[in-house]
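Heads up: the structure comes next, in structure tokens.
The values are calculated or read from the model by the stated rules, or taken from the named source; none is laboratory data. Fair warning: this is a prediction, and the values are worked out from it, not measured in the lab. Glycine gets a Cβ as well: all are built from the backbone with ideal geometry, and neighbour counts include every protein chain shown.
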Amino acid sequence: MHAPHLGTDGGPPTPVPMGTADLAYHLAMRGEPLPAGFLFAFSGPVPTLASVRARVAERAHRIPALRYRIDREGRAFSRVEGIDVERHVHEAWLPGDDDGSGAGRLMLSHPPGGDDRPPWDVWLVHGPGGEHSLCYRTDHTLQDGIGAAHTARALLDDDPVGGPPGYHGGRPTARGLASAAGALAASFRHSDKPAFDVPLSGRTGLCQTVVPVARLRAVGRAHGATVNDVFLAALAHAVGTWHRKNTGAAHPPLPVAVPMSVRAPGEECVPGNRIVVARVLLPCDAPSPRHALSRVVARSDGMRTGRLRESLRLMQTAGPRGIGARVGTRVVNGRAVAGPVSSVNFGTALVHQGNAAHRSVVWSGLGAGIRCLVTLTSQHDTACLAVIHDEALTTADELPDLWLASLLDLEQP
């Protein structure tokens with residue numbers, strides 16, 4: 001689909017057929033909504049609900065993704081002509097939210113939409129001591145994390161420019177295609193992930209921790225790694241330590257789903273999921289964080305040089321979308337992987353009515369038997385690790401501190 005230009009009033013077409021990834025979410029959730037979005041935490045002056053609604057009313061009709069509802073029977077996105085801002089912008093009070101995670105749990109507690117409206121909303125959440133959050137929420141069938149990042153900035157930022165860079169694709173390689181085919185075949189085999197193979201409770205918890213981005217970059221420079229490599233390596237060792245602490249046994253390499261954006265310049269705020277998903281084994285059996293990092297770096301280098309992202313994109317679009325979507329549901333579900341592991345760099349801090357957010361978090365609900373989702377969201381000089389988990393993982397709230405301990409180990413000379 002040609003991307004409607006952000007800032008036009010009448011351009012978005014209707015209807016827009018679901019893409020392969022959109023349909024995969026729709027099938028995986030059996031038509032039920034899956035909440036996803038961004039949370040921005042602030043200190044200082046708290047905006048009024050009226051002022052937030054005024055900002056949204058001024059901008060929403062010019063942002064293409066906000067103009068669509070999900071036609072689940074037609075497997076398409078249908079444009080709406082009007083937006084009733086009072087039904088999309090809400091307010092809540094969480095005076096006991098001392099660690100800042102309560103707003104995220106509130107956003108996960110019930111799905112957006114529920115009628116013929118576009119499935120998005122904005123929440124002004126009041127916390128203790130003048131802390132507050134602005135939350136942009138949507139249905140994952142309609143929008144991926146990078147799309148949500150651009151839409152949240154376009155909707156709420158005083159100067160809505162910047163954000164995650166667009167994807168500039170190349171040609172797939174034979175090596176990449178072979179790797180993609182191998183990962184697909186592996187998803188049909190038994191996946192050994194004992195720390196996550198527990199009966200689902202259906203209740204979702206969230207825990208998080210915050211670190212300076214500079215720490216992640218410094219470790220990356222010292223080891224020839226990216227921030228994402230450091231994130232994954234520390235997570236792998238944290239999971240291994242967590243499992244060993246609880247069971248006394250080593251954890252085998254952990255299959256996770258790593259979403260990668262293919263959202264091109266000009267598609268920043270169009271509806272739909274512009275992603276492919278790679279199946280990656282986290283080296284939870286590594287004897288140290290440094291060993292884990294060396295293995296993650298080798299894997300990441302192979303993915304880049306082999307152009308795995310381009311190969312996955314070709315495989316996703318080469319055949320009928322129904323077949324591609326069903327393959328996608330096979331790759332990303334609680335039998336095949338522990339869950340998604342995602343890293344998003346939001347860019348410069350979101351500024352709303354002159355006040356800069358001091359933290360941002362991308363999050364999503366759980367579905368398709370997934371027990372755990374881990375995200376790392378960078379904004380300006382701060383990164384937030386969030387662990388969204390089924391409460392059957394009763395000690396999952398230990399993972400953020402274990403991740404910090406692994407990061408500290410990587411920082412040692």
What pairs come up if the first residue lies in region 326-337 and is under 15 Å from Val276 (Cα atoms) and at pLDDT below 90, the second is outside any loop (DSSP other than H, G, I, E, B) and among the small types (Gly, Ala, Ser), and their beta carbons are under 7 Å apart, counting only those six or more places apart or on different chains?
-> Arg330/Ser187; Val331/Ser187; Val331/Ala257
Unique residue being surrounded by fewer than 20 Cβ atoms within 10 Å (Cβ to Cβ), of a type in the set (Gly, Ala, Ser) and free of Cβ contacts under 8 Å to residues at least 12 places away in the same chain when the list is Gly266, Gly248 = Gly248
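Mind checking which residues of region 214-228 are more than 18 Å from the chain's Cα centre (by Cα) and either aliphatic (A, V, I, L, M) or closer than 15 Å to Phe346 by Cα (or both)? Outline the logic, then answer.
In the first step, residues of region 214-228 are kept if they are more than 18 Å from the chain's Cα centre (by Cα); the result is 214-226.
Across region 214-228, the qualifying residues are Ala214, Leu216, Ala218, Val219, Ala222, Ala225.
If I filter region 360-371 down to residues being out of contact with any Pro (no Cβ under 9 Å at 6 or more places or on another chain) and closer than 14 Å to Leu206 by Cβ, which single residue comes out as surrounded by the fewest Cβ atoms within 10 Å (Cβ to Cβ)? Walk me through how you get there before you give the answer.
Within region 360-371, the subset out of contact with any Pro (no Cβ under 9 Å at 6 or more places or on another chain) is 360-362, 366-369, 371.
With closer than 14 Å to Leu206 by Cβ added as a condition, the list becomes 361-362, 366, 371.
Numbers: Val361: 29, Val362: 26, Leu366: 21, Arg371: 24.
Going through the qualifying residues, I end up with Leu366.
Please note which strands (runs of 3 or more DSSP E) are completely contained in region 309-413 and include at least 1 residues that are within 26 Å of Gly176 (Cα to Cα) and outside the structural domain of Pro33 (by TED's automatic domain parsing).
On the way: elements: 341-347, 359-364, 372-379, 382-390.
The qualifying strands (runs of 3 or more DSSP E) are 341-347, 372-379.
Listed here are the residues, each with its yes/no results for (1) basic (Lys, Arg); (2) more than 30 Å from Thr138 (Cα to Cα); (3) part of a loop (DSSP other than H, G, I, E, B).
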position: Val230; (1), (2), (3): no, no, no
position: His237; (1), (2), (3): no, yes, no
position: Val276; (1), (2), (3): no, no, no
position: Cys284; (1), (2), (3): no, yes, yes
position: Leu293; (1), (2), (3): no, yes, no
Where Val230 falls short, out of the listed (1) β-branched (Val, Ile, Thr); (2) surrounded by 23 or more Cβ atoms within 10 Å (Cβ to Cβ); (3) over 26 Å from Trp403 (Cβ atoms) = (3)
Failed condition for Pro164, given (1) farther than 30 Å from His291 by Cβ; (2) at pLDDT below 95; (3) in the same structural domain as Leu407 (by TED's automatic domain parsing), with all others met?
-> (3)
Subset of region 269-291 (residues that are among the aliphatic types (A, V, I, L, M) and in contact (Cβ under 8 Å) with a residue 60 or more places away in the chain) | Val270, Ile275, Val276, Val277, Ala278, Val280
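Could you pull out the residue among Gly44, Gly102 that is more than 27 Å from Glu267 (Cβ to Cβ), surrounded by fewer than 21 Cβ atoms within 10 Å (Cβ to Cβ), out of contact with any Lys or Arg (no Cβ under 6 Å at 6 or more places or on another chain) and modelled with pLDDT under 90? Outline the logic, then answer.
Working: Gly102 fails: modelled with pLDDT under 90.
Step by step, each of Gly44, Gly102 is checked, and only Gly44 is more than 27 Å from Glu267 (Cβ to Cβ), surrounded by fewer than 21 Cβ atoms within 10 Å (Cβ to Cβ), out of contact with any Lys or Arg (no Cβ under 6 Å at 6 or more places or on another chain) and modelled with pLDDT under 90.
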How many residues, within region 40-80, are more than 22 Å from Arg321 (Cβ to Cβ), outside any loop (DSSP other than H, G, I, E, B) and of a type in the set (Val, Ile, Thr)?
-> 2
What tally of residues in region 70-95 results from selecting those that are loosely packed, with under 15 Cβ neighbours inside 10 Å and among the hydrophobic types (A, V, I, L, M, F, W, C)?
-> 1
